[in-house]
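Quick notes on the structure that follows.
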Number of protein chains: 2
Amino acid sequence: MYGAGDVRVETVPDPVIQQPTDAIVRAVRACVCGSDLHPYHSMPSAEHGAAMGHELIGVVEEIGAAVTTVRKGDFVIVPFAFSDNTCPFCREGVQTSCPHGGFFGPASGSGLQAELARVPQADGTLVVVPDLDPASASEPLLASLLTLSDVYLTGYHAAHMGRVASGKTVTVIGDGAVGLSAVLASSRLGAERIILMGRHASRTDLGVAWGATDIVAERGEEGIAKVMDLTGGEGSHVVLEAVGHLPACEQAYGVVRAGGVISRVGVPQYEAAPIGFGSLFGKNATLTGGPAPVRAYLEPAIRQVLEGEIDSGRVFDHTVGIDDVADGYASMDARETLKVMIGF
Amino acid sequence: MYGAGDVRVETVPDPVIQQPTDAIVRAVRACVCGSDLHPYHSMPSAEHGAAMGHELIGVVEEIGAAVTTVRKGDFVIVPFAFSDNTCPFCREGVQTSCPHGGFFGPASGSGLQAELARVPQADGTLVVVPDLDPASASEPLLASLLTLSDVYLTGYHAAHMGRVASGKTVTVIGDGAVGLSAVLASSRLGAERIILMGRHASRTDLGVAWGATDIVAERGEEGIAKVMDLTGGEGSHVVLEAVGHLPACEQAYGVVRAGGVISRVGVPQYEAAPIGFGSLFGKNATLTGGPAPVRAYLEPAIRQVLEGEIDSGRVFDHTVGIDDVADGYASMDARETLKVMIGF
């Protein structure tokens, strides 16, 4: 990406092993993330492009001398953050804060919207999909596995941190792919009622298929009033905020029940926000969330996909080849597509 | 209170039963709260005074026709918020959000720095101290019981919401009576290490007596660096913020560990604060806390005081008579005293 709206596909030198803990992975499927649209809107023009992409499933092509848990030919999930998975933070399940880790994409210079990718900390980062040949796997299965790289497990992280459980009313703000994933995760965690705030019928329909019990199309004060009405004036035990803009955050304060939890996974496009007596404190509301430590959740999630328990791949409604990635960004930005897969 | 620094003791008509659910309580001990100092600093001058005080232990003098759980002569704790204790929020342990409840002091017009007080929702609010005659109870026992009206259980609420548990490192910001109470509560909840940030030796000494393992006198960046150093660069699992000013809040972000919890009980003197990627989100830190639902914690806490398990009354280091309450405010404001009790 060279600036807002300026995505170019370029041929660059193949990545090579730089550290003995690296692996090189050949892409099977990658995709475009809602969070990629933030720089797509706001990145200043730059002379040198930023390597984009942080979601990938692929086959290990080469490993560094120190790598022991994956080997050439393994079919793996690449989480959007790499981590050593042995440090105190990783052991506590916060792999996104690993001091030896980092984020794929512009931050690390290793973009995953590419045919080949260098994966640092391969032992800590990559998880093998057992007994599956990607060449013969079905498209829906590959799509669902790809969601484990970020989007589904980000929705799951929201629900997990929000302490969604049976008997709880959950409000999901945002009908993007993460919001819909949060609906699916909440449903699996036993939420009694799931109110999805979104205004695109094609998206909220998938939300309903995944367990949303109520759809609220209104936003702002009107949307808040509608959710309060649906909850008998008491508000929602859990609010999952999957947008990242300040109005969504304020909507969350408006609908959260006293003693409830707001869990954010939309990357905040703001730094300061109301958290004083009138918004968060007076209600004893808890604010939680952050970048999902996908790695912490991968093994059981892979099993759930392989056993057909979750069909999280349904968020993909369009596929482009690597040469047409710019069109993929444009169509997601125009909301013509929900989430774009990249085939190779 | 008639304005900043302007506390007057006045003779007003005795409170009377207004609702059948009311009780009238005669004060045994009351006190001045750190949060009373906020209006003491900032209240605009007013023609009519605000009735101050929200912490009280006393004897029931009269009950309304609908009151069934307390009777004349009962020795009771009055929590700083009244509540019906039957509504959905009360049943979920968030009595401070009871729609039929409210806060003593200026907000409700019922100030507890007084000889007699009207207590709305008496059945839901008052808890009897069993088998104790206040006339023959020891001063330390009365002092500890008085802390259950607010200060100790506010410290406890911070620790409880912060999920303090064995093995955790806890940093307490603020060496006021609430901060010290949070040290005591953290200690009882099994915290492995308790770092108290405060610069008044007479106060931090009590913190050490109650289980603080480290004292950090520095503030701001210097204080943050000290705590990070003490925690091997990793930060504190739990941060209990018992001040309420923005710098304390920013200090909390600075020392919280990735995946950790900041629990606030200092009444925020700000509305907006940093909560974006650089402060809270990036670290997956959780922000929680609010006005303590003291009522939810009262029964076990009364037992703990009566059995001598907690000596939370040690926060009181000065007692005044009702006529000298203005001196009490002044001495707390000047930090000559930690917390001032009012005798009757």
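The values are calculated or read from the model by the stated rules, or taken from the named source; none is laboratory data. Just so we're clear, the structure is a prediction, and the values are computed from it rather than from any experiment. In this analysis, Cβ positions are derived from the backbone assuming ideal geometry, glycine residues included, and neighbour counts consider all displayed protein chains. Accessible surface areas use protein heavy atoms only, side chains included; no ligands, DNA or RNA. Shrake-Rupley method; radii C 1.70, N 1.55, O 1.52, S 1.80 Å.
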**Asked** Please state the Cα pair-distance histogram of chain A with 20 angstrom bins from zero: what percent is in each bin?
**Response** 32, 58, 10, 0
**Item:** Cross-link partners of B:Lys226 among lysines (Cα-Cα below 24 Å; sequence separation of 8 or more within a chain)
**Value:** B:Lys168, B:Lys283
**Asked** Rg to Rh for the stretch A:296-344: what is it, with Cα atoms only and Rh by Kirkwood?
**Response** 1.11
**Request:** At a temperature of 25 °C and a viscosity of 0.890 mPa s, determine how fast the protein assembly as shown diffuses translationally according to Stokes-Einstein, using the Kirkwood radius over alpha-carbon pairs as Rh; express D in µm²/s, rounded to the nearest whole number.
**Result:** 91
**Fill in**
Label points for A:Arg335 built 7 Å along Cα→Cβ; distances to same position in the other copies, nm, shortest first, come to 5.4
**Given charges at Cβ of Lys, Arg, Asp, Glu: the stretch B:153-289 dipole, positive-most of B:Leu153, B:Gly235, B:Ala273** = B:Leu153
**Asked** Tilt of helix B:177-188 relative to the longest C-alpha principal axis of chain B, in degrees (0 to 90, nearest 10)?
**Response** 70
**Phi-based couplings in Hz for the stretch A:113-126 (Karplus 6.51, -1.76, 1.60; Gly and Pro marked x)** = 8, 6, 6, 10, 9, 8, 10, x, 6, 4, 4, x, 9, 7
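Per the Cauchy relation, a quarter of the hull surface: what is the mean projected area of the convex hull of the alpha carbons in the stretch A:44-193, in nm²?
11.4
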**Request:** Identify which of B:Arg219, B:Arg264, B:Arg295 has the largest mean-square fluctuation in a Gaussian network model of chain B, with springs joining Cα atoms closer than 10 Å.
**Result:** B:Arg219
**Asked** In what order, largest first, do A:Leu37, A:Leu146, B:Leu246 sit by accessible area if the probe radius is 1.4 Å?
**Response** B:Leu246, A:Leu37, A:Leu146
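Return the ratio Rg/(2.2 N^0.38 Å) for the stretch B:215-265, where Rg is computed over Cα atoms only.
1.01
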**Message:** Amide H of B:Gly101 versus every other amide H placed in the peptide plane: which residues, excluding those fewer than 5 positions away on the same chain, fall under 5 Å?
**Reply:** B:Asp84
**Complete:** Residues from the stretch A:281-306 losing no less than 10 square angstrom of accessible surface in the full protein assembly compared with the chain alone, 1.4 angstrom probe, ligands and nucleic acids excluded, are A:Phe281, A:Gly282, A:Asn284, A:Ala285, A:Thr286, A:Leu287, A:Thr288, A:Gly289, A:Gly290, A:Pro291
**Message:** Give me a comma-separated list of calculated 3J(HN,Hα) values for the stretch B:43-50, in order, Karplus coefficients 6.51, -1.76, 1.60 applied at θ = phi - 60°, integers in Hz, x for any Gly or Pro.
**Reply:** 5, x, 4, 9, 6, 9, x, 9
**Fill in**
Amide H neighbours of B:Val216 at under 5 Å, excluding residues fewer than 5 places away on the same chain, with H built from the backbone geometry, are B:Leu196, B:Met197, B:Gly198
**Fill in**
Measure of exposure for A:Tyr156: accessible area at 1.4 Å probe, Å² rounded to 10, is 60
**Prompt:** In percent, how large is the relative contact order of chain A, given Cα pairs closer than 8 Å and 6 or more residues apart?
**Reply:** 18
**Request:** Determine which residues of the stretch A:110-147 fall in the zone a paramagnetic label at A:Met43 would reach in this model, i.e. backbone nitrogen under 16 Å from the point 7 Å along Cα→Cβ.
**Result:** A:110-115
**Prompt:** Excluding ligands and nucleic acids, what accessible area in Å² is computed for B:Glu192 using a 1.4 Å probe, to the nearest 10?
**Reply:** 130
**Request:** Give the calculated FRET efficiency between A:Glu271 and B:Glu61 to the nearest 0.05, with a Förster radius of 60 Å applied to their Cβ-Cβ distance.
**Result:** 0.70
**Prompt:** Whole-Hz Karplus ³J(HN,Hα) for the stretch A:74-89, in order, using 6.51 cos²θ - 1.76 cosθ + 1.60 and θ = phi - 60°, x for Gly and Pro?
**Reply:** 5, 8, 10, 9, 10, x, 5, 10, 9, 7, 7, 6, 10, 6, x, 5
**Request:** Give the shape of the stretch A:152-289 as rounded, prolate or oblate, defined through the alpha-carbon gyration tensor: a ≥ b ≥ c are the square roots of its eigenvalues, a/c under 1.5 means rounded, and otherwise the shape is prolate if a/b is larger than b/c and oblate if not.
**Result:** rounded
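How high is the relative contact order of the stretch B:153-289, given as a whole-number percent (alpha carbon pairs under 8 Å, six or more residues apart)?
With pairs under 8 Å counted, the relative contact order is 24 percent.
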**Prompt:** For the pair A:Asp333 and B:Glu192, how long in nm is the line joining their label points, each one 7 Å along Cα→Cβ?
**Reply:** 4.9
**Centre separation in Å (Cα based) which lies between the stretch B:125-197 and the stretch B:36-100** = 19
**Prompt:** What is the dipole size for chain A, taken about its Cα centre, with +1 at each Lys and Arg Cβ and -1 at each Asp and Glu Cβ, in debye to the nearest 20?
**Reply:** 960
**Asked** What does a probe at B:Gln19 reach in the stretch B:61-75, counting residues whose amide N is under 17 Å from the point 7 Å along Cα→Cβ?
**Response** B:63-70
**Fill in**
Toy charge model, Lys and Arg Cβ at +1, Asp and Glu Cβ at -1: the protein assembly as shown dipole around Cα centroid in debye, rounded to 20, equals 760
**Charge context of A:Pro300, other residues only, Cβ under 14 angstrom, K/R +1, D/E -1** = 0
**Asked** What are the label-to-label distances in nm, one decimal and shortest first, from A:Pro44 to the same spot in the other copies, with labels 7 Å along Cα to Cβ?
**Response** 4.3
**Message:** Between B:Ser136 and B:Asp324, what's the calculated FRET efficiency when r is the beta-carbon distance and R0 is 30 Å? Round to 0.05.
**Reply:** 0.75
